[in-house]
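Chemist: Mind looking over this structure? Questions follow.
The values are calculated or read from the model by the stated rules, or taken from the named source; none is laboratory data. Just so it is clear, the structure is predicted and the values come from calculations on it, not from any experiment. No Cβ is skipped: glycine too gets one built from the backbone with ideal geometry, and neighbour counts run over all protein chains shown. Accessible surface areas use protein heavy atoms only, side chains included; no ligands, DNA or RNA. Shrake-Rupley method; radii C 1.70, N 1.55, O 1.52, S 1.80 Å.
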Amino acid sequence: MPTLHVCPLSRLPETVAATDASHLLTLINVGTPLERPAAIAAENHVVIGVSDIAASRDGHVLPAEEHVARVLDFIRAWPREKPLVIHCYAGISRSTAAAYIAACALAPERDEAAIAEALRAASPSATPNPLFVAIADRMLGRDGRMVAAIARIGRGADAFEGTPFSLALA
């Protein structure tokens, strides 16, 4: 069964190695130094330069439909033979939103609330970026159910960075 693995930037090399991942999705502020792990082929890595914000701020990139579209394109093209690692700087907000979006997009028959509960069980600190989720909800035609499910699980436990975790697609 294919799995999604989420981690912070500081744990990226060890997470890729431990999971034997073939694909990598990076959501990080524009200009943040980043070294792709050697085990990931360049064509299997997408970097989305976006800030972890939900309202416009000077000097930051607000999540937009183009960012969510790139997430959706990448996860849909992932062959699911080996794991996919998703990371952001802290492994708490952008990456957990992308993992939630991926799980909803790749398993359209699954209940949004069940996926959100699985996310919370896997990561007590997960606090998916609400704007990313709202945009994906619209794009996936989930009629507000993704937004409601994430609101229901609430903000995660306070943490400087998240602990790596996995999320099954089924």
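Chemist: Restricting to segment 96-139, and then to whatever is assigned to a helix (DSSP H, G or I) and among the β-branched types (Val, Ile, Thr), can you tell me which residue is surrounded by the most Cβ atoms within 10 Å (Cβ to Cβ)?
Modeler: 96
Chemist: Output yes when any residue across segment 58-77 is assigned to a loop (DSSP other than H, G, I, E, B) and without any contact (Cβ under 8 Å) to a residue 12 or more places away in the chain, and no when none is.
Modeler: Yes; the residues of segment 58-77 include at least one that is assigned to a loop (DSSP other than H, G, I, E, B) and without any contact (Cβ under 8 Å) to a residue 12 or more places away in the chain.
Chemist: Provide a single number: the residues in segment 10-40 that are within 19 Å of residue 103 (Cα to Cα) and not in a helix (DSSP H, G or I).
Modeler: Residues in segment 10-40 being within 19 Å of residue 103 (Cα to Cα) and not in a helix (DSSP H, G or I): 7 in total.
Chemist: Counting only residues that are in a loop (DSSP other than H, G, I, E, B) and either open to solvent by less than 20 Å² (accessible area, probe 1.4 Å) or in contact (Cβ under 8 Å) with a residue 60 or more places away in the chain (or both), which one in segment 141-161 is farthest from residue 109 (Cα to Cα)?
Modeler: If we take residues in segment 141-161 being in a loop (DSSP other than H, G, I, E, B) and either open to solvent by less than 20 Å² (accessible area, probe 1.4 Å) or in contact (Cβ under 8 Å) with a residue 60 or more places away in the chain (or both), then 160 is farthest from residue 109 (Cα to Cα).
Chemist: Further question: When you check residue 165 against the structure, is it over 27 Å from residue 66 (Cβ atoms) and open to solvent by 60 Å² or more (accessible area, probe 1.4 Å), yes or no?
Modeler: no
Chemist: So, one more: Six or more apart or on different chains, Cβ under 7 Å: which pairs go from a residue in segment 1-28 that's over 15 Å from residue 91 (Cβ atoms) and crowded, with 21+ Cβ neighbours inside 10 Å to one that's aromatic (Phe, Trp, Tyr) and modelled with pLDDT of 95 or more? Could you list them?
Modeler: Listed by first residue and then by second, the contacts come to 23/78.
Chemist: Something else now. Within segment 57-82, restricting attention to residues that are more than 15 Å from residue 24 (Cα to Cα) and of a type in the set (Val, Ile, Thr), which residue is most open to solvent (accessible area, probe 1.4 Å)?
Modeler: It comes out as 61.
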